[in-house]
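All of the numbers you see were taken from the coordinates with simple rules; none came from a lab. All figures in this text were calculated on a predicted structure; none of them were measured in a lab. Note: ideal-geometry Cβ built from the backbone for every residue, glycine included; neighbour counts use all protein chains shown.
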Amino acid sequence: MPLLFALLLPLTSVALQDAHEIYSIYFGGGSYYIDPQQEQGLYKFLDAHPQAKNLTITIHSHTDDIGSLEYNERLSRMRSLEARKRLLHYGIPAENLSIQDFGELNPVYDNSTWEGKLKNRRVDII
């Protein structure tokens, strides 16, 4: 039995190291505008995490599948840059921020439904 315990221990510690929280900002179709209500929601989320200014934050941007692949890559980039501006304005150091733009290539929700498309038009602050 000690061997089995030793094999499970690293898996448990890896899972604990991967803990993170996500705040999502949603967009209208073809838009990268962050409205004041969502901006305030982001700031409230950050206020609830006083250590946020010392953490590495990743911005994942997404689109639905309407439009060309190139258009959605550009739109995804614009969304992540707008979210980055808000994080910088809040006081997160630029060196603590990284961006991954997925465009339409990494949908979490089903793009064959309107509900899925709406949920895929987002930036995740991780």
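Contour minus end-to-end for HIS20 and ASP65, with contour as 0.36 nm per residue of separation and end-to-end as the Cα-Cα distance? Write out the running numbers ahead of the final one.
Numbers: separation 45, 0.36 × 45 = 16.20 nm, distance 2.73 nm.
So the chain would gain 13.5 nm between HIS20 and ASP65.
With a cut-off of at most 10 other beta carbons within 10 Å, and DSSP calling the residue loop, which GluC sites (Glu not before Pro) in segment 51-114 qualify? Please list them. Walk me through the numbers on the way to the answer.
On the way: sites: GLU70, GLU73, GLU82, GLU95, GLU104; in loops: GLU104.
Of the GluC sites (Glu not before Pro), not one in the loops of segment 51-114 has a Cβ with at most 10 other Cβ atoms within 10 Å.
Please give me, ordered by residue number, the chymotrypsin sites (Phe, Trp or Tyr not before Pro) of segment 30-126 that lie in loop per DSSP and have at most 13 other Cβ atoms within 10 Å. Before the final figure, lay out each step's value.
Details: sites: TYR32, TYR33, TYR43, PHE45, TYR71, TYR90, PHE102, TYR109, TRP114; in loops: TYR32, TYR33, TYR109.
Qualifying residues, ordered by number: TYR33.
Output the Cα-based Rg and Dmax of segment 68-124 in Å, rounding Rg to one decimal and Dmax to a whole number.
Computed over the Cα atoms of segment 68-124, radius of gyration and Dmax are 12.9, 38 Å.
Could you work out the local net charge near SER98, counting Lys and Arg as +1, Asp and Glu as -1, over the other residues with Cβ closer than 13 Å to its Cβ? Could you put the intermediate results ahead of the total?
Details: positive: ARG84; negative: GLU95, ASP101, ASP124.
Net of charged neighbours comes to -2.
Tally Lys/Arg at +1 and Asp/Glu at -1 over every other residue whose Cβ is under 14 Å from the Cβ of ALA83; what's the total? Before the final figure, lay out the partial values.
Working: positive: ARG77, ARG79, ARG84, LYS85, ARG86, ARG121, ARG122; negative: ASP35, GLU39, GLU82, ASP101, ASP124.
Taking every Cβ under 14 Å from that of ALA83, the sum is +2.
What does the charge add up to near TYR109, with Lys and Arg as +1, Asp and Glu as -1, over the other residues with Cβ less than 14 Å from its Cβ? Walk me through the numbers on the way to the answer.
Numbers: positive: LYS117, LYS119, ARG121, ARG122; negative: ASP64, ASP65, GLU104, ASP110, GLU115, ASP124.
Every neighbour counted, the sum reads -2.
How much length is gained on full extension from TYR43 to TYR90, taking 0.36 nm per residue of separation minus their Cα-Cα distance? Before the final figure, lay out each step's value.
Values: separation 47, 0.36 × 47 = 16.92 nm, distance 0.72 nm.
Gain in length upon complete extension: 16.2 nm.
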